[in-house]
């Protein structure tokens with residue numbers, strides 16, 4: 001076991017730094033830049049049952065220490081992912097990948113997860129429950145404990161892979177939702193998805209992004225994410241993946257002290273395509289600086305009170 | 001394939017109203033085609049800013065950009081040289097050994113020389129260098145131009161066409177160039193294109209320089225191919241009038257600039273294309289003009 005190894009839902013990974021969904025494509029695109037086998041795993045682009053073009057542009061806006069995005073789950077659909085993207089990935093990545101799945105109905109999630117269950121390289125399924133439920137009045141599955149649990153149960157029934165539920169922070173009580181997912185059979189929780197935000201262009205007086213509102217991410221959200229990871233990790237037994245604004249090896253350690261078994265890094269990849277590789281390489285010296293021998297020993301190690 | 005690197009600003013001068021020409025020295029080996037762009041990390045701002053490459057050689061490149069928002073405003077203020085007040089007498093402080101967080105301790109009239117040092121350090125650490133992703137995007141194809149291509153640029157759409165004209169001039173291709181601006185004080189690079197031997201027509205909307213009207217008012221009847229870059233309504237009008245096949249460079253807000261955030265796609269006849277990855281240059285035939 002190396003100093004950086006952690007076990008995530010029964011699968012050992014060589015380090016806990018996981019590129020987050022929507023910032024790392026299907027992996028092979030980054031393999032042109034560096035050997036992505038330096039990663040333990042990564043979460044691939046949010047995949048849906050059908051192909052989606054996503055929202056109108058502009059989809060991106062600058063914020064203080066962060067960005068807004070409203071991409072709208074653009075992807076080529078699960079069948080194309082299986083026939084095209086995963087074979088491309090297999091050529092350059094020899095480890096299990098985390099399959100990020102979105103849907104607009106329970107049936108969507110079930111179909112996509114069933115299709116992906118036959119893929120040997122898929123190690124985990126990460127359920128994005130932040131998308132609107134078209135049969136539930138457009139409310140996101142992730143905003144209430146009952147619907148989050150319902151998706152979890154339905155997917156658990158059709159997959160053999162560990163199921164990690166990725167929670168939205170745009171809720172009143174994230175702990176109750178995390179607990180409901182755990183009771184419904186989730187094998188892990190990842191959080192936080194982006195915070196709902198908005199900006200207005202002063203020249204045009206229009207919203208800065210075509211979708212009006214979008215997800216806020218980047219270093220500015222780190223304290224909010226850390227707080228929610230801490231609260232959820234205290235409340236559940238299953239592993240928690242912490243994410244939200246992580247951009248340094250120090251941030252990784254802080255998130256793990258708050259209770260994260262592993263971390264995901266998203267927005268930082270868009271600014272520096274080598275961010276995850278660089279952070280993995282920095283971790284040992286930063287661990288030395290803070291007297292940390294192995295990462296697995298610090299999970300949830302924050303000293304409170 | 002794109003590269004990340006630090007570029008030194010050697011010049012950053014205003015060449016027209018709100019338009020600046022920035023000369024940078026650094027590794028340009030990732031740039032392979034005119035019409036590609038670079039993505040610049042700007043101190044104090046979060047997202048990189050995509051700027052088209054005007055021209056380049058093995059030592060460096062020239063960017064020409066217009067101040068349209070905070071990013072380009074900060075960029076326009078980064079003038080290396082204007083704070084160069086330390087050069088002068090005697091043997092000064094060594095700025096090479098300072099690391100990334102040096103301590104300057106001054107007392108009384110010992111303070112003034114440290115101000116000069118601080119200026120120099122600030123310049124060497126931030127003002128004079130840029131972290132740039134280069135070699136981004138798919139540029140113009142110089143193989144398809146025929147023997148008399150037409151280059152049509154509008155406003156800050158002109159710079160990438162200059163790099164294209166340089167490459168075409170190297171291939172001894174005779175280009176016709178139409179440069180469109182709003183008014184005389186916006187005009188730039190007319191002489192540069194002429195120096196390449198191009199047949200240049202300048203149009204201004206108010207007629208204060210060159211031909212009065214839009215670039216479309218100056219399009220000739222005969223040419224073998226066209227290349228264009230400029231504001232969206234101009235691109236659409238040019239494509240509507242064009243008698244030949246051609247290539248169009250688009251602009252869009254970008255999160256990453258290298259194909260990963262899905263922030264900048266455009267629908268085409270051949271599915272969606274990311275402006276940063278499959279674009280910014282698209283073929284006329286594949287463009288869908290909506291609305």
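Readers should treat all values here as calculations from the given coordinates under stated rules, not as data from a laboratory. Computed from a predicted structure; not experimentally measured. Cβ sites come from the backbone with ideal geometry, for glycine too, and all protein chains shown count toward neighbours.
What is the helix-to-structure angle for B:232-241, meaning the angle in degrees between its Cα long axis and the longest Cα principal axis of chain B, kept from 0 to 90 and rounded to the nearest 10?
30
Determine, for each peptide in B:200-206, A:284-290, A:225-231, A:116-122, the mean count of other beta carbons within 10 angstrom over its residues, then list the peptides with the highest first.
Result, highest mean Cβ count within 10 Å first: A:225-231, B:200-206, A:116-122, A:284-290.
Between residue A:224 and residue A:172, with labels modelled 7 Å along Cα→Cβ, what's the label distance in nm to one decimal, could you check?
Here the modelled spin labels are 1.8 nm apart.
As a footprinting exposure proxy, order B:14, B:167, A:59 by other Cβ within 10 Å, with the fewest listed first.
Ranked by crowding around the Cβ, least crowded first: B:14, B:167, A:59.
Given 25 °C and 0.890 mPa s, compute D for the protein assembly as shown with the Stokes-Einstein relation, Rh being the Kirkwood radius over Cα pairs; round to the nearest whole µm²/s.
Diffusion coefficient, whole number: 94 µm²/s.
Quick one: among A:294, A:23, A:112, which has the greatest mean-square fluctuation in a GNM of chain A with alpha-carbon springs under 10 angstrom?
Looking only at A:294, A:23, A:112, the biggest GNM fluctuation is shown by A:294.
Counting DSSP beta bridges with both partners in region A:168-261, what percentage is antiparallel, nearest 5?
So the antiparallel bridges amount to about 60 percent of the total.
Binning at 20 angstrom from zero up to the longest distance, how are the C-alpha pair distances of chain A distributed in percent?
Spelled out per bin, shortest first, that is 36, 60, 5.
Of A:251, A:173, B:27, how do they rank once you tally other Cβ atoms within 10 Å and put the fewest first?
Taking fewest neighbouring Cβ atoms as first place, the list is A:173, B:27, A:251.
Rounded to the nearest 5, what % of the DSSP beta bridges within region A:96-229 are antiparallel ones?
35
Stokes-Einstein D for region A:142-242 at 10 °C, 1.306 mPa s, Kirkwood Rh over Cα pairs, in µm²/s?
The calculation lands on 108 µm²/s.
Of the beta bridges DSSP finds with both residues in chain B, what % are antiparallel, to the nearest 5?
Within chain B, antiparallel bridges account for around 65 percent of the total.
What FRET efficiency comes out for residue B:98 versus residue B:148 if R0 is 60 angstrom and r is the Cβ-Cβ distance? Round to the nearest 0.05.
So, using R0 = 60 Å, E works out to roughly 0.60.
State the three equivalent ellipsoid semi-axes of region A:18-79, derived from the C-alpha gyration tensor as the square roots of 5 times its eigenvalues, in descending order and whole Å.
Three semi-axes, in Å: 22, 18, 9.
Please state the relative contact order of chain A as a whole percent: Cα pairs under 8 Å, 6+ residues apart?
19
Specify the angular offset, from 0 to 90 degrees and rounded to the nearest 10, of the alpha carbon long axis of helix B:111-122 from the longest principal axis of the alpha carbons in chain B.
30
Just need the relative contact order of chain B here, percent rounded to a whole number, with Cα pairs under 8 Å and 6+ apart.
Answer for chain B is 18 percent.
Over region B:143-262, what lengths in whole Å, largest first, do the semi-axes of the equivalent ellipsoid take, defined as the square roots of 5 times the eigenvalues of the alpha-carbon gyration tensor?
The answer is 21, 19, 15 Å, longest axis first.
Determine, at each q value in 0.20, 0.21 (inverse angstroms), the log₁₀ of I(q)/I(0) that the Debye formula gives when each Cα of region A:1-134 is one equal point scatterer.
Values returned for q = 0.20, 0.21 Å⁻¹ are -1.23, -1.31.
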